[in-house]
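This report concerns only the one structure given below.
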Amino acid sequence: MGAGGAAAQRPQDARRQERLLREQWEAARRQALRWGAVGEGEQRVLAQLLVLTARGWRLLVDRQWSGARTADADVLLVGPGGVFVLQVTAGGEPGDGRAAGLLTATKAAESAVASLGMSPVAVQPLMVLAGRRFDASRGRIRLLGEHEIGPVLLSERHRLRAESVRAIADHLERVFPGYAGLAVDLQPPPAPEHHRPGSPDGLFDLEGLRDAALKGALEGPIEQWMTFLHPDQVALVRRNWAGPARISGPAGTGKTVVALHRAAHLARRTTGRILYVTFANNLPRVQSTFLRAMAPAVADRVDFSSLHSWAQEFLQERGTPVRLHRDKAETAFSLAWKNVGRRSPLAELDPAPAYWREEIDYVIKGRGLTRFEEYVSVPRRRRKARLHRAHRQSMWELYEAYEALRCERGVHDFNDVLSLALAEAARRREQPPYAAVIVDEVQDLTLVGVRLLHALVGDVPNGLLLVGDGQQTVYPGGFRLSDAGIDIRGDRGQVLRTNYRNSKQILDAALTVVADDAFEDLDGERTSGRRDVDLTYHDGDVVRVARPTLEAHDGALLDALRSLPDGAPADTALLCPSMRAVGHYQRLLTQSGIPVCLLEHYDGRAVDAVKLGTYRRAKGLEFKNVLLPQYDAVFAHGTPAGTAGGTAGGTETSETAREREELLRSQLFVAMTRARDLLWLGRVTT
């Protein structure tokens, strides 16, 4: 058919679909009229819900809420958008009694679907006001008018596949049986052909439901995959903890997904606000977008922020002045190194000032040390250079010189922001500002940062959740949770052991990089670099490319990007070890007509462009395809260019150099494990 014929056909198709929809509506109205015990408005609402059944939804009315005597709900609706517990009422807004009954029914439905491994995020309470036009919220409950209910449900993001809808609805029908003598025949009205659901094929067993859910997540956009909660993790989301808790586990085990679903769960169960914090400043935007898609009814009650941004806002609200100025602080340190450090014993261990700047940031100020007597005996976790007392004395003199110059300029550094916030939080012990605090990538924080977040909620039940993995540390320094006064006891420390993200080929390649690097996690336990994990065994591939010149290498990279299937750039990332390399590949891809989205601008919404950023910026994210150009360049001469590590003789075998290389391997490991299906590794051989 030519273009003109196709254009003429479209209005005919539209009229045909309109006629079929009108037939559906009339058939649904005839069925609803048999519901004689309710008014006309409620019948119109029921008719709209019956129309949904022709589009793959299941409608269960007048259920017996076994074991929940105060439950009050008229309809259970299961469809692609999830499970909805409905109250239908005429007149004005219902009172608090009916709202409480609806929430009780919702909690019962959550418990029922949890046995199928379904996240509580997928169960939502709705009040439908017959005869009204309405769209608002009352806490967790969404209130809709009769004109809004149909369009809202049809526009819900698809969470369930057809087979999952059938299995869940059948299960709910058994758990909450209908009353005898139900008058309405709930057969769906005729469906348009392109919406007609397949014929039922019996109840799926639990394993079948889980496999279907995993398959659906793998096939969807990467943004949908990054919010997929595996059924085996539902119990962790709903668990009650008697105090601070921690979730750890190797890369790819779903720690961040559990944390996001936990935030939604707590927002539904409490009246206070939830704080979700991470170190990187790009992740909060992404995670906020994900939660809004997962649980829109409670998304406004969860605050997402990077730690330093939150601390600055906190101090501003409390009237504490902050004069953060990174460049002036760096100038102060450069002068301190020139005047004090360069001729000290420190330069014999490592003449590069960067290592000693890190000592201030992550050991001295990062741990909140204020006296030399504290520093001289403190364990320098994850720091390999052995410092004798003379070295520590020189280091303290460098620190004091830096502090004097910084104060002389009247500015703060990033560590000062956290220390000021901690002092303010400890000084005012009124009602905690948050019901719960969730910390993602906790291993990247300093000890002062963790103490600050702990101070916000203390040791209250379900108050503090720390999520992270010591093997994925990309910053120097370290601490133990016990140093922060946080006691994780018994089942409040959970280790995830199933990798849902990486294929075996990709994980093996990544583990080879860190196999010899044992690490100390936040609990103080020394762990081998090659950890055993269970895999979900989906397909994946590792492609290694070596070319004699950078030009040939970059040509192979462009060929790899162009050979990806249509639509694949939206699920693809190109990651680099430095911002200089990011600039190079941004120019290369742009000149080659390949759309680029910098990770610092990515907000979690699907965009048809290759994501581009540093290894560090990719933390907490996942992609179907990851390309790492010149991935081994930083190791070509022992350490990356510009760090000038080594001994005074210029060798690259010093303790500081080994520490630097281990940290680089950790960063590369993080970048490699961002890949789910394809990992492309490029290097230049000369």
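For the pair THR686 and THR498 in one chain, pulling the backbone fully straight at 0.36 nm per residue adds 63.7 nm over the alpha carbon distance.
Using a simple spin-label model with pseudo-atoms 7 Å out from Cα toward Cβ, GLU551 and ASP532 lie 5.2 nm apart. Charges were assigned to the Cβ only: +1 to each Lys and Arg, -1 to each Asp and Glu. The resulting dipole of region 540-684 about its Cα centre is roughly 120 debye.
For the residue pairs LYS365/LYS611; LYS365/LYS504; LYS504/LYS611; LYS504/LYS619; LYS107/LYS611, the alpha carbons lie more than 31 Å apart in LYS365/LYS611; LYS365/LYS504; LYS107/LYS611. Annotation for ARG587 and ASP603: the two label points, set 7 Å from Cα along the Cα-Cβ direction, are 3.0 nm apart. Our Cα-only numbers for region 540-684 put the radius of gyration and Dmax at 15.8, 54 Å.
Per 0.36 nm of contour for each residue apart, how much would the distance between ARG480 and ARG318 grow if the chain were fully extended, relative to their Cα-Cα spacing? Mind dumping the intermediate values first?
Numbers: separation 162, 0.36 × 162 = 58.32 nm, distance 2.97 nm.
Extending this stretch completely gives an extra 55.4 nm.
How large is the convex hull of the Cα atoms of region 326-411 per residue, expressed in Å³ as a whole number? All intermediate terms of the calculation are to be shown ahead of the outcome.
Values: hull volume 7.7 nm³, N = 86.
Given the Cα convex hull of region 326-411, per-residue volume reads 89 Å³.
Modelled label positions at ALA518 and ALA235, each set 7 Å beyond Cα in the direction of Cβ, lie 3.2 nm from each other. Exposure proxy shown here: for CYS576, CYS407, CYS597, the number of other Cβ atoms within 10 Å sets the order, fewest to most, as CYS407, CYS597, CYS576. Summing +1 for each Lys or Arg and -1 for each Asp or Glu among the other residues whose beta-carbon sits under 14 angstrom from that of LYS338 gives +1. In this structure the amide hydrogen of LEU324, modeled in the peptide plane, comes within under 5 Å of the amide hydrogens of HIS412, none closer than 5 places in sequence on its chain. About the centre of its Cα atoms, region 307-385 shows a dipole size close to 160 debye [charges on the beta carbon of Lys, Arg (+1) and Asp, Glu (-1) only; nearest 20 debye]. With neighbours defined as other Cβ atoms within 10 Å of a residue's Cβ, the residues MET127, MET118 order from fewest to most as MET127, MET118.
Within 10 Å of each residue's Cβ, count the other Cβ atoms and sort LEU464, LEU422, LEU564 from fewest upward.
On the way: LEU464 26, LEU422 21, LEU564 17.
Neighbour counts put them in this order, fewest first: LEU564, LEU422, LEU464.
Throughout, read-outs are computed from the coordinates displayed, never taken from laboratory work. Remember, it's a predicted structure, so these values are computed and weren't measured experimentally. Using ideal geometry, Cβ is built from the backbone for each residue, glycine included, and neighbour counts are taken over all protein chains shown.
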